[in-house]
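Below is one structure, written out as structure tokens, with a few remarks after it.
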Amino acid sequence: QGPLPVVTAGVGLLARGGKGGRVEGSKGAELALEVWGYEGSPFSRVVREALSALQIKHVWRSAARGSPKKQAMFEEMGTAQLPFLKDPNTGVEMFESAAIVDYLYKTYASN
């Protein structure tokens, strides 16, 4: 504990130009979105930042390389490309972090 987590989080925000540290208006989602990714991925991180900024309820499915969850994803979807978004509100399923972030803002941002 102590100040170290706060300092390291602040350094991470500075390195990314403050992304992930702001909250924006959102229409919200009736049902929680399902997002597959893994912590070490910079591509997954930008998706999580958008979800947090828009305050969209979601279920995060961590599927690191070599994990049984990633194998289960492959068996269910035929691919293990991450990040992956399933939106039960619209029926959209998609890969590619930039496309996912664009979709989240177009679909859920209030302005």
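The figures follow:
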item	result
Full-extension gain in nm, residue 94 to residue 32, via 0.36 nm per residue minus C-alpha separation	20.8 nm
Ordering of 100-111, 62-73, 41-52 by burial proxy (mean other Cβ atoms within 10 Å per residue, highest first)	41-52, 100-111, 62-73
Taking the stretch 20-111 and dividing mean pair separation by its residue count, relative contact order in percent (alpha carbons under 8 Å, at least six apart)	38 percent
Accessible area of the stretch 17-96 belonging to carbon and sulfur atoms, whole % at 1.4 Å probe	51 percent
Whole-number accessible area per residue in Å² for the stretch 54-111, which is evaluated in the context of all protein chains at 1.4 Å	58 Å²
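The values are calculated or read from the model by the stated rules, or taken from the named source; none is laboratory data. Please read these numbers as outputs of a predicted model, since none were measured by experiment. Cβ sites come from the backbone with ideal geometry, for glycine too, and all protein chains shown count toward neighbours. Just so you know, the surface numbers come from the protein's heavy atoms only, side chains and all, with ligands and any DNA or RNA stripped out. Shrake-Rupley method; radii C 1.70, N 1.55, O 1.52, S 1.80 Å.
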